[in-house]
Amino acid sequence: MAQIKTIDSNGQIILGKEFAGEKVLIDSPEPGVWIVKIGQFIPNNEQWLHQEVNAIKLEESLNWAANNAPQETNLIELEDQLK
């Protein structure tokens, strides 16, 4: 949900007490644009990538993609296989 905040004379923006003490990653993809993510060095929405079971699956997927060239799919054959 978008909110309008004012930067105070100390250059600070108040996000709210519910975020007190949280670590945040602030990204600035272009001047005047900030993306703020709560996390513990790894943003919360990216931590799943670092769980062992998911990291293994991701590594296997990347290895598979590196060793298997893209191929055109015959949609009629694929539909028949799904029936």
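Rule-based calculations on the coordinates, nothing more; no lab input. This is a predicted model, so every value here is computed, not measured. Glycine gets a Cβ as well: all are built from the backbone with ideal geometry, and neighbour counts include every protein chain shown.
So how much slack lies between ASP8 and ASN67, counting 0.36 nm per residue of separation and subtracting their Cα-Cα distance, in nm?
Details: separation 59, 0.36 × 59 = 21.24 nm, distance 5.40 nm.
Separation in residues times 0.36 nm, less the Cα-Cα distance, equals 15.8 nm.
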Dividing the helical contributions, -39500 (n - 2.57) per DSSP H run of n ≥ 4, by the residues of the chain yields a 222 nm value, nearest 500 deg cm²/dmol, of -9000 deg cm²/dmol
The aspartates and glutamates whose Cα lies under 17 Å from the Cα of LYS23, excluding any fewer than 8 residues away in the same chain, are GLU46
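Please identify the longest segment of the chain free of exposed GluC sites (Glu not before Pro), where exposed means a DSSP state other than H, G, I, E or B and no more than 12 other Cβ atoms within 10 Å.
Excluding the exposed sites themselves, the longest stretch runs over 23-71.
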For the chain, the longest principal axis of the Cα atoms and the Cα long axis of helix 52-67 enclose an angle in degrees, to the nearest 10, of 50 degrees
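Restricting to DSSP loop positions (anything but H, G, I, E, B) with no more than 10 other Cβ atoms inside 10 Å of their own Cβ, which chymotrypsin sites (Phe, Trp or Tyr not before Pro) remain in the chain? Before the final figure, lay out each step's value.
Numbers: sites: PHE19, TRP34, PHE41, TRP48, TRP64; in loops: PHE41.
Taking the chain and a limit of 10 other Cβ atoms within 10 Å, the loop chymotrypsin sites (Phe, Trp or Tyr not before Pro) found are PHE41.
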